[in-house]
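Q: Once you've had a glance at the structure underneath, I'll fire off some questions.
The values are calculated or read from the model by the stated rules, or taken from the named source; none is laboratory data. The shown structure was predicted, so the numbers you read here are calculated from the model rather than taken from an experiment. Here the Cβ positions follow ideal geometry from the backbone for every residue, glycine too, while neighbour counts run over all protein chains shown.
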Amino acid sequence: MSVDRFGRHITYLRISLTDKCNLRCVYCMPEDMTFRPRAELLQDEEIFRLVRIFAELGFYKFRLTGGEPTVRANIVNIVRQIAETPGVRTVAMTTNGILLSRLAQPLAQAGLKRVNVSIDTLNPDKFRKLTRWGDVQDVWEGVHAAEAAGLGVKLNAVVVRGYNDKEDVVDLARLTLYQPWQVRFIEMMPFGDVADFQQAGVVTQKELMATIGAELGELVPVNEGRLDGEARLYRLPDGIGTIGFISSVTQPFCASCTRARLTADGRLRLCLLREKEVNLLKPMRQGASDDELKGIIEEAIWWKPWGHGLSANVIPRNRVMSEIGG
Ligand code: SAM
Ligand code: SF4
């Protein structure tokens, strides 16, 4: 069992499978992003070994992310191997959905249970502007393919002032009137070289609720506004789906954090918004035994930071979001 010094049980591992992506969202990475050489990234067998070790330490929930996880070679086999690892209860994925129309079915057959699909606006022009070249129709087809394949689907939108903070948010929220989906709005977080842009463009949950409420009626809390994972849930007065807010900036949920992150280059990142990382790739390639790796992981988890320091303007500078995985 992996427990930190604050008594939090850490059971959820988010694995970044690659730092590469087929889009370049403005809030995530610079257009001229340089990616790591393949040899510096965890190889398939190294991922499977670490998943087995984490599962033996009590981790049972795994999410694959990136960069864009679906551009990783052998993605279907990677999902299958992880899903078949003893102790693993769920494998989910966060994806931009571009390749899902082709991959949803094989991924579901391989054992994937859920996808969170990022879609920041339904407007094709704005989508292209936010992602620098994406076609929202591809994502939309991906969402439908995921549903048809029996995957649980949630939609995620990062809100950026001046890009998608007004009618786009309302259009996305409106989907929950006739779809039983969960549409979640994410407050933009600051990282690395993109931090100034991100801090200038953040739109708070409070503001979003006012924008949606003015058009579609006041949002009604679900579960008395308690956290569902990282989101606080609401519904529209006549809605059949739910609207979630992931408000890491203005309403942090660090006290209930259960997660750790594995970067594509094999570092265990203890908090999304703190620079502290522990290198697992190096000892693994130097021949560390399973027990030695377990010792390194348990020690790292024990020292997991309590929470982020955004309110004190402490911003993680050592990586951008696409390298950590969100
Ligand atoms: N490429 C996949 C995707 O876009 O869903 C997975 C990786 S992406 C880094 C994971 C999530 O992080 C996405 O929902 C994305 O919108 C979100 N994200 C990226 N940069 C962010 C930022 N600066 N603040 C908040 N969320 C961000
Ligand atoms: Fe790629 Fe996802 Fe980052 Fe957009 S948010 S650039 S889709 S990794």
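Q: Of the numbered conditions (1) within 20 Å of T263 (Cβ to Cβ); (2) away from ligand 1 (no atom under 16 Å from the Cβ); (3) buried (at least 17 other Cβ atoms within 10 Å of the Cβ); (4) not acidic (D, E), C28 fails exactly one; give the number of that condition.
A: Unmet for C28, out of (1) within 20 Å of T263 (Cβ to Cβ); (2) away from ligand 1 (no atom under 16 Å from the Cβ); (3) buried (at least 17 other Cβ atoms within 10 Å of the Cβ); (4) not acidic (D, E): (2).
Q: Continuing with this model, one more query. Would you confirm whether or not region 36-44 contains a residue that is assigned to a helix (DSSP H, G or I), within 14 Å of ligand 2 (Cβ to nearest atom) and out of contact with any strand residue (DSSP E or B) (no Cβ under 8 Å at 6 or more places or on another chain)? Break it down stepwise before answering.
A: Filtering region 36-44 down to residues assigned to a helix (DSSP H, G or I) leaves 38-40, 44.
Filter once more, keeping what is within 14 Å of ligand 2 (Cβ to nearest atom): none.
So far as region 36-44 goes, no, none of its residues is assigned to a helix (DSSP H, G or I), within 14 Å of ligand 2 (Cβ to nearest atom) and out of contact with any strand residue (DSSP E or B) (no Cβ under 8 Å at 6 or more places or on another chain).
Q: Are any residues in region 65-77 touching a helix residue (DSSP H, G or I) at 6+ places or on another chain (Cβ under 6 Å) and either within 15 Å of ligand 1 (Cβ to nearest atom) or under 11 Å from N22 (Cβ atoms) (or both), and if so, which ones?
A: Once the filter is applied, which keeps residues that are touching a helix residue (DSSP H, G or I) at 6+ places or on another chain (Cβ under 6 Å) and either within 15 Å of ligand 1 (Cβ to nearest atom) or under 11 Å from N22 (Cβ atoms) (or both), region 65-77 yields G67, T70.
Q: Considering region 168-187 alone, what residues qualify as being among the acidic types (D, E) and in contact with an Asp or Glu (Cβ under 8 Å, 6 or more places away or on another chain)? Break it down stepwise before answering.
A: Applying the first criterion (among the acidic types (D, E)) to region 168-187 yields 168, 171, 187.
Scanning region 168-187 gives a single hit, D168.
Q: Hey, can you tell me all the residues within region 254-264 that are crowded, with 20+ Cβ neighbours inside 10 Å and in a loop (DSSP other than H, G, I, E, B)?
A: Narrowing region 254-264 to residues crowded, with 20+ Cβ neighbours inside 10 Å: 257, 259-264.
C257, T263, A264, listed by residue number.
Q: For region 1-32, enumerate the residues that are within 10 Å of ligand 2 (Cβ to nearest atom) and either closer than 27 Å to E46 by Cβ or of a type in the set (S, T, N, Q) (or both).
A: S16, T18, D19, K20, C21, N22, L23, C28, M29
Q: I've got another one for you. Out of the residues in region 48-75 that are under 23 Å from G97 (Cα atoms) and part of a helix (DSSP H, G or I), which is nearest to the chain's Cα centre (by Cα)? Even if it seems obvious, please write down each step before you answer.
A: Kept after step one, since they are under 23 Å from G97 (Cα atoms), are these residues of region 48-75: 61-75.
Checking which are part of a helix (DSSP H, G or I) leaves us with 69-71, 75.
Details: P69: 11, T70: 14, V71: 16, I75: 17 Å.
So the residue we want is P69.
Q: Here is a further query. Any residue that is within 16 Å of ligand 2 (Cβ to nearest atom), of a type in the set (A, V, I, L, M, F, W, C) and either modelled with pLDDT of 95 or more or touching a Leu at 6+ places or on another chain (Cβ under 9 Å) (or both) - is there at least one of those in region 66-87?
A: Within region 66-87, the first condition is being within 16 Å of ligand 2 (Cβ to nearest atom), and the residues that meet it are 66-72, 75.
Now narrow it down to the ones that are of a type in the set (A, V, I, L, M, F, W, C): 71, 75.
Add one more test, that the residue is either modelled with pLDDT of 95 or more or touching a Leu at 6+ places or on another chain (Cβ under 9 Å) (or both), and what stays is 71, 75.
Yes, because at least one residue in region 66-87 is within 16 Å of ligand 2 (Cβ to nearest atom), of a type in the set (A, V, I, L, M, F, W, C) and either modelled with pLDDT of 95 or more or touching a Leu at 6+ places or on another chain (Cβ under 9 Å) (or both).
Q: Out of the residues in region 173-186 that are at pLDDT 95 or above, within 16 Å of ligand 1 (Cβ to nearest atom) and touching a helix residue (DSSP H, G or I) at 6+ places or on another chain (Cβ under 9 Å), state the one that is farthest from R161 (Cα to Cα).
A: The initial filter retains those residues of region 173-186 that are at pLDDT 95 or above, namely 173-177, 182-185.
Those left that are additionally within 16 Å of ligand 1 (Cβ to nearest atom): 182-185.
Still in the list and also touching a helix residue (DSSP H, G or I) at 6+ places or on another chain (Cβ under 9 Å): 182-183, 185.
Numbers: Q182: 22, V183: 18, F185: 13 Å.
Out of the qualifying residues, it is Q182.
Here's the yes/no breakdown for (1) more than 23 Å from E298 (Cα to Cα); (2) of a type in the set (A, V, I, L, M):
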residue: G217; (1), (2): yes, no
residue: P221; (1), (2): yes, no
residue: G244; (1), (2): yes, no
residue: Q251; (1), (2): yes, no
residue: S256; (1), (2): no, no
residue: L281; (1), (2): no, yes
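Q: OK, next. Pull up region 181-205, narrow it to residues that are part of a helix (DSSP H, G or I) and of a type outside the set (A, V, I, L, M, F, W, C), then point me to the one that is nearest to V159 (Cα to Cα).
A: Of all residues in region 181-205, those part of a helix (DSSP H, G or I) come to 192-201, 205.
Remaining after also requiring of a type outside the set (A, V, I, L, M, F, W, C): 192-193, 196, 198-199, 201, 205.
Details: G192: 19, D193: 19, D196: 15, Q198: 10, Q199: 12, G201: 8, Q205: 10 Å.
It comes out as G201.
Listed here are the residues, each with its yes/no results for (1) surrounded by fewer than 17 Cβ atoms within 10 Å (Cβ to Cβ); (2) part of a helix (DSSP H, G or I); (3) in contact (Cβ under 8 Å) with a residue 24 or more places away in the chain.
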{"residue": "I82", "(1), (2), (3)": "no, yes, yes"}
{"residue": "P86", "(1), (2), (3)": "yes, no, yes"}
{"residue": "A104", "(1), (2), (3)": "no, yes, yes"}
{"residue": "A145", "(1), (2), (3)": "no, yes, yes"}
{"residue": "A157", "(1), (2), (3)": "no, no, yes"}
{"residue": "R174", "(1), (2), (3)": "no, yes, yes"}
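Q: Turning to a different aspect of this structure: State all residues of region 268-302 that are in a loop (DSSP other than H, G, I, E, B), in contact (Cβ under 8 Å) with a residue 60 or more places away in the chain and in contact with a Leu (Cβ under 7 Å, 6 or more places away or on another chain); if no residue qualifies, say none. Walk me through how you get there before you give the answer.
A: Within region 268-302, the subset in a loop (DSSP other than H, G, I, E, B) is 270-276, 280, 286-289.
With in contact (Cβ under 8 Å) with a residue 60 or more places away in the chain added as a condition, the list becomes 272-273, 280.
Those that are in a loop (DSSP other than H, G, I, E, B), in contact (Cβ under 8 Å) with a residue 60 or more places away in the chain and in contact with a Leu (Cβ under 7 Å, 6 or more places away or on another chain): L273, L280.
Q: Considering only residues that are within 16 Å of ligand 1 (Cβ to nearest atom) and without any contact (Cβ under 8 Å) to a residue 40 or more places away in the chain, look in region 113-128 and name the one that is nearest to V51 (Cα to Cα). So that I can check it myself, show each step before the final result.
A: At the first step, the residues of region 113-128 found to be within 16 Å of ligand 1 (Cβ to nearest atom) are 114-122, 126-128.
With without any contact (Cβ under 8 Å) to a residue 40 or more places away in the chain added as a condition, the list becomes 115, 117, 127-128.
Numbers: V115: 19, V117: 23, F127: 35, R128: 36 Å.
Among them, the one singled out is V115.
Q: Condition first: in a loop (DSSP other than H, G, I, E, B) and away from ligand 1 (no atom under 16 Å from the Cβ). Now tell me which residues in region 88-97 satisfy that. So that I can check it myself, show each step before the final result.
A: Going through region 88-97, the residues in a loop (DSSP other than H, G, I, E, B) turn out to be 88-89, 96-97.
Scanning region 88-97 gives V88, R89.
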